[in-house]
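*Asks:* Questions regarding the structure given below will be posed in turn.
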Amino acid sequence: MTHTFYQSDIRREINQSVYQKPLFECSFLWEQYFGTIKTQKRLGKELRWYMVQWVEWIDGERKSSMFVDELEHIKRDYGKSRGDIFFQVWIIQEHGTYETLFTKKDKEFQQQCLVNKGLQDERMRVDYGLVPSWREHMPDTTIILDLSSWIQATRSWYSKSCKRYINKAKKEDLSFVEWEKGDIESFRHVWYTMSYDKWFSVVSRETFVSLMDYLISSGNGLLLLAKKWKKIVAWSVVIQRWKKLIYLYGATDRSFWAIWGHYWLTDQIMKRGADHGYVSYDLLWTAPVGNDHHYLSWVTRFKQSFGWSTILSVGNYDLVFNSLLYRTFQFVKTRKLGKKVVKEDIVPQKAPLPTK
């Protein structure tokens with residue numbers, strides 16, 4: 001547990017001291033975890049839901065009486081008040097690791113992923129009463145780039161379009177800069193403008209400053225920039241720990257979008273990581289495989305272009321305490337994203353995932 005970002009001292013400190021979220025401790029099948037408590041006030045009542053990230057257990061074929069007992073304990077301990085809505089658990093155990101460009105191109109594989117996910121979700125509903133869910137920062141699909149080899153070997157996994165964009169950006173005389181202290185408003189402006197258009201949430205200026213202060217002073221993270229004429233083209237916040245790099249936040253200035261600086265910046269981050277002995281770069285949050293209508297599809301295509309491995313995990317499930325409040329919560333969340341929920345027409349049949 002000590003070498004997973006979501007159950008690490010770094011994540012705990014960021015949640016508690018930087019984001020100032022209340023935490024709680026719980027156990028699942030003899031493992032200890034911490035989670036966050038989210039609250040909102042509506043109609044004079046405080047509404048709460050609980051989120052635990054990284055629970056490494058699942059048996060999709062057989063019902064587990066032990067897990068049923070664990071869920072009953074959760075209901076007893078966290079569903080005491082009418083304001084308690086649900087308990088969300090992110091089960092991270094891997095379903096498989098596949099070549100990223102293969103998962104991007106093979107439509108039959110994508111369809112099989114959707115079928116198997118539908119079957120798994122149905123088992124979780126029937127066996128445990130768990131509702132499938134999704135959160136941007138708790139993905140069931142992620143992309144990890146290998147940095148343990150010579151950087152040219154890593155670059156050989158890039159897609160043709162990725163290589164073309166990087167070569168185009170090289171002609172723009174960009175500079176690669178590690179930020180220490182300075183004007184925070186420039187980063188905020190780039191981030192806010194891009195995130196507003198894409199329906200992403202953006203933390204406050206004070207929270208962002210606090211995050212940067214913590215990461216830089218502790219040595220656990222960096223803010224890395226691509227600049228042109230002393231103006232920010234793109235930036236990425238990167239966690240560095242356990243000889244791994246982990247992408248946390250990033251943004252690109254729309255006025256420089258056509259020069260593809262975000263591709264060049266990612267390539268430079270990977271080169272820097274390889275030069276410093278890091279073994280991988282985890283790009284985190286992507287859309288589920290096969291869901292072309294997901295609101296993260298555009299950033300997923302960007303991350304997929306760097307190749308290497310796509311990791312499929314079990315995903316997120318909600319244990320609902322208050323059905324009426326939960327349905328209201330889901331409705332508001334969907335409206336906030338500005339998108340309609342698209343339900344896949346999945347045929348309930350067994351379809352094993354291919355390997356490659």
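Okay, residues lined up against (1) in a helix (DSSP H, G or I); (2) aromatic (Phe, Trp, Tyr); (3) assigned by TED's automatic domain parsing to the domain that holds residue 214:
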| site | (1), (2), (3) |
| --- | --- |
| 238 | no, no, yes |
| 248 | no, no, yes |
| 271 | yes, no, yes |
| 292 | no, no, no |
| 328 | yes, no, no |
| 331 | yes, yes, no |
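*Asks:* Looking at 77, 84, 69, which one is touching a strand residue (DSSP E or B) at 6+ places or on another chain (Cβ under 7 Å), of a type in the set (D, E, K, R) and farther than 20 Å from residue 16 by Cβ?
*Replies:* After applying the criteria, what remains is 84.
*Asks:* Another question, if that's okay. Within region 17-25, can one find any residue that is more than 25 Å from residue 94 (Cα to Cα), of a type in the set (D, E, K, R) and touching a helix residue (DSSP H, G or I) at 6+ places or on another chain (Cβ under 8 Å)?
*Replies:* Taking every residue of region 17-25 in turn, at least one turns out to be more than 25 Å from residue 94 (Cα to Cα), of a type in the set (D, E, K, R) and touching a helix residue (DSSP H, G or I) at 6+ places or on another chain (Cβ under 8 Å).
*Asks:* Please count how many residues of region 209-223 are in a helix (DSSP H, G or I) and of a type outside the set (D, E, K, R). I'd like the intermediate steps shown before the answer.
*Replies:* Here is the first cut: in region 209-223, the residues in a helix (DSSP H, G or I) are 209-218.
Going one step further and asking which of them are of a type outside the set (D, E, K, R), we end up with 209-212, 214-218.
Qualifying residue count, region 209-223: 9.
*Asks:* Hey, among 97, 103, which residue is among the polar types (S, T, N, Q), more than 23 Å from residue 48 (Cα to Cα), in a helix (DSSP H, G or I) and under 21 Å from the mean Cα position of the chain (by Cα)?
*Replies:* Selected residue: 103, the only one of 97, 103 that is among the polar types (S, T, N, Q), more than 23 Å from residue 48 (Cα to Cα), in a helix (DSSP H, G or I) and under 21 Å from the mean Cα position of the chain (by Cα).
*Asks:* Would you point out which residue out of 64, 149, 81 is closer than 30 Å to residue 248 by Cβ, of a type in the set (Ser, Thr, Tyr) and surrounded by fewer than 18 Cβ atoms within 10 Å (Cβ to Cβ)? So that I can check it myself, show each step before the final result.
*Replies:* Details: 64 fails: closer than 30 Å to residue 248 by Cβ; 81 fails: closer than 30 Å to residue 248 by Cβ.
Of 64, 149, 81, the one residue that is closer than 30 Å to residue 248 by Cβ, of a type in the set (Ser, Thr, Tyr) and surrounded by fewer than 18 Cβ atoms within 10 Å (Cβ to Cβ) is 149.
*Asks:* When the residues of region 91-136 are narrowed to those that are at pLDDT 90 or above and of a type in the set (Val, Ile, Thr), which ends up surrounded by the fewest Cβ atoms within 10 Å (Cβ to Cβ)?
*Replies:* So the residue we want is 126.
*Asks:* Before we move on, is residue 190 in contact (Cβ under 8 Å) with a residue 24 or more places away in the chain, surrounded by 15 or more Cβ atoms within 10 Å (Cβ to Cβ) and over 27 Å from residue 271 (Cβ atoms)?
*Replies:* Taking the combined requirement at face value, the residue does not satisfy it.
*Asks:* Continuing with this model, one more query. Do we have residue 45 as charged (D, E, K, R) and closer than 23 Å to residue 205 by Cα here?
*Replies:* Numbers: charged (D, E, K, R): yes; closer than 23 Å to residue 205 by Cα: no.
Here the answer is no, as residue 45 does not meet what is asked.
The values are calculated or read from the model by the stated rules, or taken from the named source; none is laboratory data. From a predicted model like this one, the values you see are computed outputs, not experimental measurements. Glycine also receives a Cβ, built like all others from the backbone with ideal geometry; neighbour counts cover every protein chain displayed.
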